[in-house]
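Right, one structure below, let's go through it.
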Amino acid sequence: MFPRTVSAGSVRSLAPAAELPEAAPHPGPELRRDPLHAANGVAPLRAVAPRSSSDPLSFAGLAACIADARAAALAGGDGPPDPTTFASLRARLERAAAKLPPSYRREVADPLLRSLERLGARGFARVLAEDPEREGAARLLLDVAQAVLQHGEGYAARATAAFQEVVSDLYEGFLSAEDRRGVKPPDHGVVPPLVRWGSAETGPYTWPATATETLGVEAAVVSLPAANASAGILAWPALAHETAGHDLLEADDGLRDELARVVRERLLGEKMGLALADYWADRIEETASDVLGVLNMGPAAAVGLVGYFRAMNGAAGGAGTLRNVGRTEDPHPADIARAYLAAETVRLLSFEGATRWADRLTAEADRDLGRIRLGEFPVTAGVAKASAAVVARAIAQTRLRALDGRAFRDLQDWRDQDEAVVAELRRELEGAGARTGKARVEAGRYAEGAYAAHAVAAGVYAAIGGTSSPEQAMTGMIGMLAGMHDRNAAWGAPRVAPSSGAPAGPRVA
């Protein structure tokens, strides 16, 4: 979904040689500077039953959330400045590494230090000089370094803990799913991704393990703009797209290619035409990541996608609506096609309200409906929606060889139990906000079985339902996530007994 997602094999090893490394991140249109294609004519909205403002399906607070995300993007601001002096960077990394858990020292910090030693001061300077725009090998090296430094040096410690907990939960939750028993472990990525705060200009992005392993590092790195440490709650559901999507797709060799074949075959089988089949299949990386994000975080990932795209399009000088045109050279599908895809993925989920949520999300996307063009071809709204439904089913429900005959929906789903946990967490957030004016939730006061993805969903539901301001929901969500991280044994905390209501392990869907 988001700007700088690096494809497998796009970076050569930084290690031993004099030959300079290269990297080729996918381009990202979300922070685009070009004007939006105007919507020509707005289709009538399907009827949606009125709901109270306390119901997240009312979307009573969605406009405020979009304004909040747009303001965060326009506020700018970066994370800590990139270190550009070899000796200083090496010394800081050595100190910061000592504060990481053993697994991250072993799989991230120590390999990074060894790669730096092989480069030496001259090699390090050469890498920076040959990537002055920080879009390739230098960006990769500095991002991994920033991930280690920001954790070890305590940058925005509370928000960083919250951010890390979400990413760890999404990654571990997928790998620990009960139905994954008997499925081979991923081919890449030993530990969950490490997180870092970056610039507003780049938006959310990830370097998958297939990129970081060129440094000897065995974990992905996920980045959010530093502004989203305190504002822009709609950026946080994007973490499901980055981590449960891109990072896990890249972790299994052959998975992405198999999904592309399946999507193409299903669309052709439905007589959708070769051009449309190629359009979706050629964008499988972003398309599948959208589907996987919804499977792992439920409707919050879908409404987050719609709201965040509107916010970023507005911040880039456009109309603040979903794009109806998907350019041929853009690796991302058109915004409106992705909104329909997210809605149709919600429709496949197991919780009781899935159909109502899907219909409401489709109606919300229809507000921005104009003349759809996917690549070189105009497409009717009906065809766009029908193709999105076929693609969602193909990705979520097909049994895949790369997953040893399992389907993604077998491994991750969103059930009534998840909605019940989110409702309880939302009551905690809203109750704390009513008492204090700011939703600060005491550590440990969680519904039983609650995990980080539930906490993000609760914050999003509270904000889009209008019962909490985006600021209140964000404050409470970060406090809740930081409390979860304090009890995460992988980060050195003693494991709390499940009866306490605190998380006891990776989320099992």
Residues satisfying the stated conditions in the range 257-315, i.e. in contact with a Lys or Arg (Cβ under 9 Å, 6 or more places away or on another chain) and hydroxyl-bearing (Ser, Thr, Tyr): 287
Unmet requirement for residue 184, which otherwise passes all of (1) at negative phi; (2) surrounded by 16 or more Cβ atoms within 10 Å (Cβ to Cβ): (2)
Flag for residue 302 being part of a helix (DSSP H, G or I), crowded, with 24+ Cβ neighbours inside 10 Å and at pLDDT 95 or above: yes
The range 60-100: number of residues that are assigned to a loop (DSSP other than H, G, I, E, B) and either touching a Gly at 6+ places or on another chain (Cβ under 9 Å) or within 21 Å of residue 119 (Cβ to Cβ) (or both): 12
Single condition residue 319 does not satisfy, out of (1) free of Cβ contacts under 8 Å to residues at least 60 places away in the same chain; (2) surrounded by fewer than 21 Cβ atoms within 10 Å (Cβ to Cβ): (1)
Residue match in the range 98-108 (condition: crowded, with 21+ Cβ neighbours inside 10 Å, small (Gly, Ala, Ser) and modelled with pLDDT of 95 or more): no
The range 199-236: number of residues that are aliphatic (A, V, I, L, M) and either part of a loop (DSSP other than H, G, I, E, B) or modelled with pLDDT under 95 (or both): 7
Failed item in (1) touching a Phe, Trp or Tyr at 6+ places or on another chain (Cβ under 8 Å); (2) surrounded by 15 or more Cβ atoms within 10 Å (Cβ to Cβ); (3) not in a helix (DSSP H, G or I), with residue 350 passing the rest: (2)
Residues that are under 17 Å from residue 278 (Cβ atoms) and either part of a helix (DSSP H, G or I) or not charged (D, E, K, R) (or both), drawn from the range 326-337: 326, 328, 331, 332, 333, 334, 337
Where residue 393 falls short, out of the listed (1) at pLDDT 95 or above; (2) under 28 Å from residue 65 (Cβ atoms): (2)
Qualifying residue in the range 150-165 (condition: over 22 Å from residue 79 (Cβ atoms) and touching a residue at least 60 places away in the same chain (Cβ under 8 Å)): no
Sole exception among (1) part of a loop (DSSP other than H, G, I, E, B); (2) of a type outside the set (Ser, Thr, Tyr); (3) in contact (Cβ under 8 Å) with a residue 12 or more places away in the chain for residue 242, by number: (1)
Selection status of residue 398, modelled with pLDDT under 95, polar (S, T, N, Q) and more than 21 Å from residue 160 (Cβ to Cβ): no
Matching residues, the range 141-161, being surrounded by fewer than 19 Cβ atoms within 10 Å (Cβ to Cβ) and either in a helix (DSSP H, G or I) or polar (S, T, N, Q) (or both): 157, 158
Criterion: touching a helix residue (DSSP H, G or I) at 6+ places or on another chain (Cβ under 7 Å) and free of Cβ contacts under 8 Å to residues at least 12 places away in the same chain - qualifying residue of 268, 276, 305: 268
Counted residues, the range 114-140 - those being under 16 Å from residue 212 (Cβ atoms) and outside any loop (DSSP other than H, G, I, E, B): 10
Residue count, the range 133-158 (criterion: at pLDDT below 95 and touching a helix residue (DSSP H, G or I) at 6+ places or on another chain (Cβ under 8 Å)): 1
Residue within the range 376-387 that is at pLDDT 95 or above, under 22 Å from the mean Cα position of the chain (by Cα) and on the phi < 0 side of the Ramachandran plot present: no
Hey, residue 70 under 30 Å from residue 369 (Cβ atoms), of a type in the set (D, E, K, R), out of contact with any strand residue (DSSP E or B) (no Cβ under 8 Å at 6 or more places or on another chain) and modelled with pLDDT of 95 or more or not: yes
Restricting the range 354-389 to residues that are surrounded by fewer than 17 Cβ atoms within 10 Å (Cβ to Cβ) and of a type in the set (Gly, Ala, Ser), the residue that is nearest to residue 56 (Cα to Cα): 363
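The values are calculated or read from the model by the stated rules, or taken from the named source; none is laboratory data. These figures come from a predicted structure and were not determined experimentally. Don't worry about glycine lacking a Cβ; one is built from the backbone with ideal geometry, like all the others, and counts go over all protein chains shown.
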